[in-house]
1. Could you grab the relative contact order for region 205-341? Cα pairs under 8 Å, six or more apart, rounded to a whole percent.
2. Give me the net charge of ILE312's neighbourhood, meaning all other residues with Cβ under 15 Å from the Cβ of ILE312; Lys, Arg count +1, Asp, Glu -1.
3. What is the sum of charges around HIS16, taking Lys and Arg as +1, Asp and Glu as -1, for the other residues whose C-beta is under 12 Å from the C-beta of HIS16?
4. Quick one: compute the contact order of the chain, relative version, from alpha carbon pairs under 8 angstrom and 6+ residues apart, as a percent.
5. Enter the Cα centre distance for the pair region 267-289 and region 21-70, rounded to the nearest angstrom.
6. Quote the relative contact order of region 233-307 in percent (integer), defining contacts as alpha-carbon pairs under 8 Å separated by 6+ residues.
7. Taking K and R as +1 and D and E as -1, what net charge do the other residues with C-beta under 12 Å from the C-beta of THR219 add up to?
8. Viscosity 0.692 mPa s, temperature 37 °C: Stokes-Einstein D of region 261-371 from its Kirkwood Cα radius, in µm² per second?
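The values are calculated or read from the model by the stated rules, or taken from the named source; none is laboratory data. These numbers come from a predicted model, not from an experiment. No Cβ is skipped: glycine too gets one built from the backbone with ideal geometry, and neighbour counts run over all protein chains shown. Remember, those area values only see protein heavy atoms, side chains included, never the ligands or the DNA or RNA. Shrake-Rupley method; radii C 1.70, N 1.55, O 1.52, S 1.80 Å.
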Amino acid sequence: MPISEIPTLVLNKNTHKSQSILSLTFERNPHLHHLVKNELRAFWSQTKKIWYLPYSEENIDKIFTLFHGHALIDSSILDMKMERHIYNLGGIGLEQKHTITIERFKRWMRTKRYSESTIETYVGILIFFLKYIQKRNCTEVTSKTVSQFNYEFIVAPKKSISYQNQAINALKQYFKYCKLDVEVNEIERPKREKKLPVILNIEEVKRIIDMTSNMKHKTLLALIYSGGFRISEVLHLKLEDIDSQRMLVHIKSAKGMKDRYTLLSHKVLVLLREYYVIYRPSLYLFEGQYGEQYTSRSAQMVLKNAANRAGIIKKITLHSLRHSFATHLLENGTDIRYIQNLLGHNSPKTTMIYTHVSERSVQNIKNPFDL
């Protein structure tokens, strides 16, 4: 379709019924109407005469993904509102040329299918970097400039190793987008800390799930543990991804844009059926109060509250359920190669970490004191 014939969809941020929303407006177009109503599952406001979704980064990402090739998305009004909110942090406002570049960089990352969380992280780092060079009146960015920024902004304030690596990656991608010949690879990357994951034993997992009375919350936690899901993977699941005939769950476009299958527990299938009867999700398997995609923050709070009620004192996250799933499989004799496939790891070296936390492998070692 010629560019002149592609319809335009205007994306904006508004308020509706005291809630922040993403509004979508477009000229009469049957194809866009079908996509908005049936694929995006947006809501229609009779009073405002607009289609809308609850405001969230996930929904912004969903809109850009769904309408790619179907419509030109005009988000200029939304971007200006976000600029006023974001780009004046720290008392230093960015020059207009920088704010425009950032918005274009964001769109470039979206075309490369970066997740919204990665885009948000990279943009946040870039804002600080641009403020840094702006404050120092840098007319040219060099590898020395980046090294100084790395030390003053990251190393000296003792920010985490993972954040430092993210900052290097963010600047590297920004320079690639701007076609700037700045050598970032010369900056020495710190070695990652080799910490072992926190593992729950089976009794602790059972207590957490048993102490969760809300059916949605119970089903969510049980599914994450029983399939070894990353939180982003379980929140993107749709009803059709549950294959009850083969007792598998189809995980689509996971980390590295890879599909895979993982296990579906018979007991979890019973929970899922009970949950569906009560909540009737329409698109995503787990949805929020207004039909939007359930958020990772809400899911983390579910686990935190359940762990407190269960008397768990270990510092755990939802990812701890994934670690526990892999460890318990290993302890029950599952081949490490199968575990690697279920978890979606590229390298068996990543999966081998669970051999270091498996109780059975450690318990089988005879303590010399007992001899």
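1. Values: 154 pairs, mean separation 43.4, N = 137.
Dividing the mean separation by the residue count of region 205-341 yields 32 percent.
2. Details: positive: LYS206, ARG207, LYS304, ARG309, LYS314, LYS315; negative: GLU203, GLU204, ASP210.
Surrounding charge for ILE312 is +3.
3. +4
4. 13
5. Distance between centres, Cα-based: 24 Å.
6. The value is 30 percent.
7. With Lys, Arg at +1 and Asp, Glu at -1, the neighbours total +3.
8. The Stokes-Einstein estimate is 192 µm²/s.
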